[in-house]
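Contents: one structure, followed by commentary.
What follows draws every value from the coordinates through simple rules; no lab data is involved. Remember, predicted model here, so these are calculated numbers, not experimental data. Heads up, the Cβs are rebuilt from the backbone with ideal geometry, glycines too, and the neighbour counts pull from every protein chain shown.
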Amino acid sequence: MTTHPRTVLVLSGLLLFSHDASGQADPRFYDRPPSARAFTIDQLPELSHMLAYEADNFVPAVRRELAGTRQGRQLVIRGNALQYAAEAIETTIQSGNSPPRVVSAQLDQFVQALDAVQSELNNPAGTAPEAAISSQRMSRLVYEISRALNANSPPPRPPVLPPAANYDRNRVMQMAQAVSTGLAGTSSLIRSDIGSYPPYDGAMRDLDAMTLGIQQVTQLAYSGAGLPQLQAVYNPIHDRAHRVNQALQNVPSPRVRNAWRASSRDLRELDEVLGLAPAIVIDPGRPVPPPGQRPGTAATIAIADQFTGEVDAFIATMQPNVLKVPEGPRIMQDARALRNEVITFRQTAAAGARPRELEPSFRQLEGIYAKFSNRVERVSGGKPGPNVNRSRRMATLLDQLRDRINRS
């Protein structure tokens, strides 16, 4: 077997990394949150090798996971740009005679390419877990290279940030990277300890999407974006955190519970750094209902969240094969309309609506589901399968919502 030269460099580079003076190896680089100490300027070549290596492997991962899909084609285009930008950074750093500002400018270009990749990975999320992990690693490496440049070769004058960027950029980036590592670790533990079945498959998709969102927060902070822009990107992460917490209430794996608790604590700290009210989901097993919520509302919201998870799973599974399935685009259109209506129903319930106030939204949800279900059953010929089974589970959840409304 022939080993790619860059693979040898990456493997040797991994053994050089240490955050203390001992020189000891740190083989779990990607699994640990960033250290308080930045890497040194002498370690930039190894970091650049790792970045180029991940960029080289990104497009092959996309082709393995999303070949023949629109999302896959877009990611290949964006991944090629990412690879070109990474190689430019590696070449500049390896030359050893370019000022840090040149590397910083190239890093800015890479961040733009990576941001485009992560946006496409989120459209929808969960379809390419291998490529998503590669993206997460590149985001971590960008952060470490940026810290090494700033710590070891600071510019003559500090950069002038927009007036709105009144926050601690370094603290935001460090916390965001810690959160990203924790979320990715939680998703990996669910996959290894439990497996991909409801509701944990939905939790994994939400965790992967949250990780990509957190990486976008890191990149915005790196570029000096204003606080409102960071908050706008970060706010949807709260919604997904609620769903993950609900799905993990009775998770059978202690390792998953502990990982999610740690991630939740880091999320709460990032909330504070960004000046946002903390998310109410912190500790699985101890749900905290919003103040003043009516009895039974939390259960209604939980069912709606589970419904949303089933629709998300349907969309993520259907997306790669949409053109191979009869009436595939129409089924996807129905599924997205259904998802929007479930979210609307949930928001109405979360706002404290009484049962009679929920009825119009529920009737609308019923009608959209009927159209969606009829098409799925007709195209499948009534034969069971992963997505047909998901559609039928949605019917059960719809019955549960109807029962809650009628009993209240």
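Points worth noting:
- Packing, as the average of other Cβ atoms within 10 Å across residues, places the peptides 77-87, 326-336, 211-221 in the order 211-221, 77-87, 326-336, highest first.
- Burial order of peptide ranges 131-137, 59-65, 91-97 (average beta-carbon count within 10 Å, highest first): 131-137, 59-65, 91-97
- Rh by Kirkwood over Cα pairs, then Stokes-Einstein D for the range 166-281 at 1.002 mPa s and 20 °C, µm²/s: 152
- Estimated FRET transfer efficiency (ASN235, ASN406; beta-carbon r; R0 25 Å; 0.05): 0.15
- Kirkwood radius, the range 297-407, all distinct C-alpha pairs, inverse of mean reciprocal distance: 14.2 Å.
- Burial order of peptide ranges 236-245, 355-364, 300-309 (average beta-carbon count within 10 Å, highest first): 300-309, 236-245, 355-364
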